[in-house]
Every structure is written in structure tokens, then in C-alpha cells.
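Student: Pasting a structure here, questions to come.
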Amino acid sequence: MELIDLRVQQEKIRNTLDRNINRVLDHGHYIMGPEINELEEKLGDFVGSAHAISCASGADALLLSLMALGVGPGHAVFTTPFTFVATAEVISLLGATPIFVDIDPKTFSMDPRELEKAIIALPSRNSCMYRYRFKAPLIPKCVITVDLFGLPADYESVEAIAKRYSVSVVEDGAQAFGAQYRGKRACSFGQIGCTSFFPAKPLGCYGDGGMCFTDEEALASILRCLRVHGQGRHKYENIRIGINSRLDTLQAAILLAKFEIFSEEIELREKAARRYGELLGDNPTIEVQTVPPHCRSIWAQYCILVKEAKNRLRVLETLGAEGIPTAIYYPKPLHLQQAFAPLGYKPGDFPVSEDISSRIFSLPMHPYLRPQDQERIAQLLSRI
Ligand SMILES: Cc1ncc(COP(=O)(O)O)c(C=O)c1O
């Protein structure tokens, strides 16, 4: 059993993959070939965004988005400490300051009340979020929401707060391509929505890849410029400081093959998640991530919490001994990582994130998970 099984999927679409890859080998446009445009159009339509701009990774999608919004030194960018490092790393890379905001204990998404408190407390720094020393006052500039494990964040609340305080929203939908919030697709929220095509993601390629989505023409044109070294009307006219962050044509060709079965895979993921829900629902020793009724998760990960942190290792060892792979996303929240030590956060600053980190783990999850394997996992968990 695999945590995320990509082999079954590959067998299913091998012919389309071969045909698409061969087409690229035949035309030879390895950089910005015709598959890039085709993919951007298809995924833009799927998400419901006017513009889709592919790039080299999910981390680059976030970086390019912040660059396009003009984020830099002196800016506060609010995000959660319970996410993959890339979400906050890009803030620091641009010389801006990540301001962490604790999460909701049920959905693991940014808690909107904590976000508003953090924005209000910024001028006085009267909060644990501001324990570190500033060299200069910070301007609240942007919020990066994270659609964790495939579940969209609380956009209604976050977007209302962002509007009230005139800050932009960037959606980190790296784990959520295909999910829905109030009937709208993930990656369509905020000024710019970002996703990742890392192989294990719900729509993954065979390498690194990412995409930005936006309805704003001006932002789309800046993003397109930034991903090619700030290029202007032609290759040797440079109008901005940019980066080299293009999606490879070969990866676009692979994604086009995978996208053909994506809708079917969304249903299979939902079916597998429902099955887990039914099998694990009565187990009093664990809790499952709550999906609010107006959301449809894409279940990038199926995460559960043990009731008591001290039991987690035993549970993982028991499952491991039976050949069931597990993983911990994320064992240490970002405010306690060495990389962010200069921000001066301490254990206890974000109690919900710290508690969830100590109790969470994920079970195998992918569209081709067999019901009998899920039953075996549930049985083992009921005995622990
Ligand atoms: C929440 C989140 N943000 C950003 C990223 C970065 O994506 P990539 O690995 O494609 O750079 C990831 C990837 O794991 C992620 O999970």
C-alpha cells in the first residue's frame, strides 16, 4: 500500500501520456510550447478565473504573486504557522515579515478572528504575534490563506476582513486544486490563487510545476512578465526584475493527460474520503478534519488526530508494522522552526497549531484506494 499511489493512475493513462510526450518530442518546443497555452486555457476555465499563468513550482507561484502585488521590506504578510514552509518562506525571501495567525482547531485553516486581532494589533504590537522587535513599523499588506490538505479556507470571513483593512489576499491552493467553496473552485479566491503540480498533489505532474490564477488583467500581465525575467515586448527588453519560472512544456503535456481523468478522480477521492468517514466515525480515540457543509475538500491528505498526543507514536508504529504507510503533516509549526527564529516566536504563541501538530497524522489517500485496505486500516485503528 502507498500513501499516495501514482502507479495505478499512470497505467490507466499511459497511452495518452506517451502520445502527449511524443508530440512534444516531435515539435521540440520545450520552453513555452503550445501545450502551455492549452493547459492554461483549460485550467483557467476549470477554476473559473479569467487568467491562468503557469510557472515552475507552487512555491514560485506564491513568490510571483507576492512580487506582482509589490510585497517587500516593511510589509506585514499574515499567514498560518501550520502549513508547508513555502507559504511563509516566500514572504521572508522578499524581505517582508511573516506574521503568523493561529488556526481553527476543527478545519486547521486560518482562524479569521485571530487574523483580525493580528491586523488590529499591528500598530501597537500589543500581542504575542508581535513579540519580536521591529526595525521599523510594518504596513499590513497581504494575507496568504492556505487550503490545507485540500480544504478551502474560510474565504467569506477572510475576504471581508481583508477588504475592511485594505489588504490583498493570496490563496495558497497548492493542496487544493479541484476543491470547492460555496460552489466556486479553489484557486479562484483572493487577488491571486496559486497551486502546485508537485507529483503528489491532486493534479500533479512528473516534476515541479505551478500556476497562478487571477481575474485581474493587470496582475496577469505582470505575472507573465515576471516569470520570464521581467520581459517586455520582446526577449531583450527587460522592464522589471523578474525570475526564470516557466512550466516545462513536457510537464504541461503530462498535466493535459492527467486532466482528462481529473473530474473522475475527484469523485473517486470523495468516495474514498466518505468511506473513511463511515469507517472511522465511531472510533472515540480519533478525530477527523471537519469539512464545513459549504466546502468540498479534494482530500490531498486524509488527516486524523489522536485524542492524546502521547498515543501517536504507538498508533503509527502499529500501522507501520502492518505495512500501512503514514506521514505527519506537519510535526513542527513554522513559528518554532529555526528558519523563522529571527521573528522571536516562542512555544505557546500559537496553541492550536502546536496542539494539532502534536496529534495529527495522515492515512493513505488517493483515488484508487481499495475499500478493503480502508477497512483494514479502520479495523487496526479500532483496536489501538
Ligand atoms: C501548502 C503548500 N504551499 C506551497 C507548496 C509549494 O509547492 P511546490 O512544492 O510545488 O513548490 C506546497 C507543496 O507542498 C504546499 O503544500
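Student: Give segment 146-160 a look and list any residue that's in contact with a Leu (Cβ under 9 Å, 6 or more places away or on another chain) and either within 16 Å of the ligand (Cβ to nearest atom) or open to solvent by less than 10 Å² (accessible area, probe 1.4 Å) (or both), or say none.
Tutor: Correct list: V158 only.
Student: If you scan segment 294-315, which residues turn out to be aliphatic (A, V, I, L, M) and either open to solvent by less than 30 Å² (accessible area, probe 1.4 Å) or over 27 Å from the mean Cα position of the chain (by Cα) (or both)?
Tutor: Scanning segment 294-315 gives I298, A300, I304, L305, V306, V315.
Student: Would you mind stating whether R233 is more than 20 Å from L148 (Cα to Cα) and more than 16 Å from the ligand (Cβ to nearest atom)?
Tutor: Yes: the conditions hold for R233.
To keep it simple, each residue is scored yes or no on (1) assigned to a helix (DSSP H, G or I); (2) surrounded by fewer than 24 Cβ atoms within 10 Å (Cβ to Cβ).
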| position | (1), (2) |
| --- | --- |
| A176 | no, no |
| P199 | no, yes |
| L203 | no, yes |
| A220 | yes, yes |
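Student: Another one. Would you point out the residue of segment 222-269, among those that are among the aromatic types (F, W, Y) and open to solvent by 20 Å² or more (accessible area, probe 1.4 Å), that is nearest to E171 (Cα to Cα)?
Tutor: Per the criteria, the residue is F259.
Student: Taking segment 48-80 as the region of interest, how many residues are more than 15 Å from the ligand (Cβ to nearest atom), crowded, with 23+ Cβ neighbours inside 10 Å and closer than 19 Å to G178 by Cβ?
Tutor: Total meeting the criteria: 2.
Student: Sticking with this one: Report the residue count in segment 344-377 for those that are closer than 16 Å to P331 by Cβ, open to solvent by less than 20 Å² (accessible area, probe 1.4 Å) and over 19 Å from the mean Cα position of the chain (by Cα).
Tutor: 1
Student: List the pairs whose first member sits in segment 171-185 and is outside the structural domain of L43 (by TED's automatic domain parsing) and within 11 Å of F213 (Cβ to Cβ), whose second member is open to solvent by 20 Å² or more (accessible area, probe 1.4 Å) and more than 10 Å from the ligand (Cβ to nearest atom), and whose Cβ atoms are under 9 Å apart, counting only residues at least 6 apart or on separate chains?
Tutor: Within 9 Å, no pair qualifies.
Student: Considering only residues that are hydroxyl-bearing (S, T, Y) and assigned to a strand (DSSP E or B), which ones fall in segment 68-80?
Tutor: T79
Student: Also, quick follow-up: Tally time: how many residues in segment 81-118 are in a helix (DSSP H, G or I), away from the ligand (no atom under 15 Å from the Cβ), of a type outside the set (D, E, K, R) and closer than 20 Å to K346 by Cα?
Tutor: 2
Student: Within segment 272-284, can you find the residues that are surrounded by 13 or more Cβ atoms within 10 Å (Cβ to Cβ) and either over 25 Å from D111 (Cα atoms) or of a type in the set (K, R) (or both)?
Tutor: A272, R275, Y276, L279, L280, N283
The values are calculated or read from the model by the stated rules, or taken from the named source; none is laboratory data. What you are looking at is a predicted structure, and each value in this text was computed from that prediction instead of being measured. Here Cβ is always computed from backbone atoms with ideal geometry, including for glycine, and neighbour counts include all displayed protein chains. Keep in mind that these areas ignore ligands, DNA and RNA; they rest on the heavy atoms of the full protein, side chains included. Shrake-Rupley method; radii C 1.70, N 1.55, O 1.52, S 1.80 Å.
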